[in-house]
1. Suppose we filter region 71-90 for residues that are closer than 15 Å to residue 101 by Cβ and not in a strand (DSSP E or B); how many remain?
2. Among the listed residues 90, 69, 136, which satisfies the condition of being loosely packed, with under 11 Cβ neighbours inside 10 Å, at pLDDT below 90 and not assigned by TED's automatic domain parsing to the domain that holds residue 26?
3. Kindly evaluate residue 110 against the criterion of being surrounded by fewer than 13 Cβ atoms within 10 Å (Cβ to Cβ), in contact with a strand residue (DSSP E or B) (Cβ under 6 Å, 6 or more places away or on another chain), under 28 Å from residue 27 (Cα atoms) and in contact (Cβ under 8 Å) with a residue 12 or more places away in the chain.
4. Residues of region 32-66 being over 30 Å from residue 84 (Cα atoms), modelled with pLDDT of 90 or more and under 20 Å from the mean Cα position of the chain (by Cα), which ones?
Amino acid sequence: MYARLKSHIVSSWEEAIKFTSVLDAKDIEHKIFPNESKFTVVWSELEASDHSFGFSLRDEVVDDEIGGSVDARSNIGIALHFSGYGDCTSNDNSGQPVYIEKYEGRLLVRVYGNINSPNPTHSISLEGARLEKRVSE
């Protein structure tokens, strides 16, 4: 998956509001920027990727860095790989100790924290993080 930034230019505030009502209906966050006599609506959308992409994480405390990759080739889930880490059922340097999936109607994060066990050490449901569960004060 990757985020693609999108924009649409309209000539009036009313047109911008009308355009953003479609984004609102899809629960897509957006911003409206005035630009001289026009308005630009900007939003991002996640799109499936046919490949994986790399990243690095930096630990500023000990000045260390680790590389990794996100594999989004499957439409079943998103796998995270970190250099030097793996899982029980994968070859070295290709393991994916973190996997995110939609399963039985729930969004789950599965963590394989023990390289000697084929079962996840943690299965975290993200259902409590749904926006509709937010309590307003």
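The values are calculated or read from the model by the stated rules, or taken from the named source; none is laboratory data. In this text, all values refer to a predicted model and were calculated from it rather than measured experimentally. Counting neighbours? That spans all protein chains shown, and the Cβs are built from the backbone with ideal geometry, glycine included.
1. So the answer is 6.
2. 136
3. When the stated conditions are applied, residue 110 does not pass them.
4. Hit for region 32-66 is 42, nothing else.
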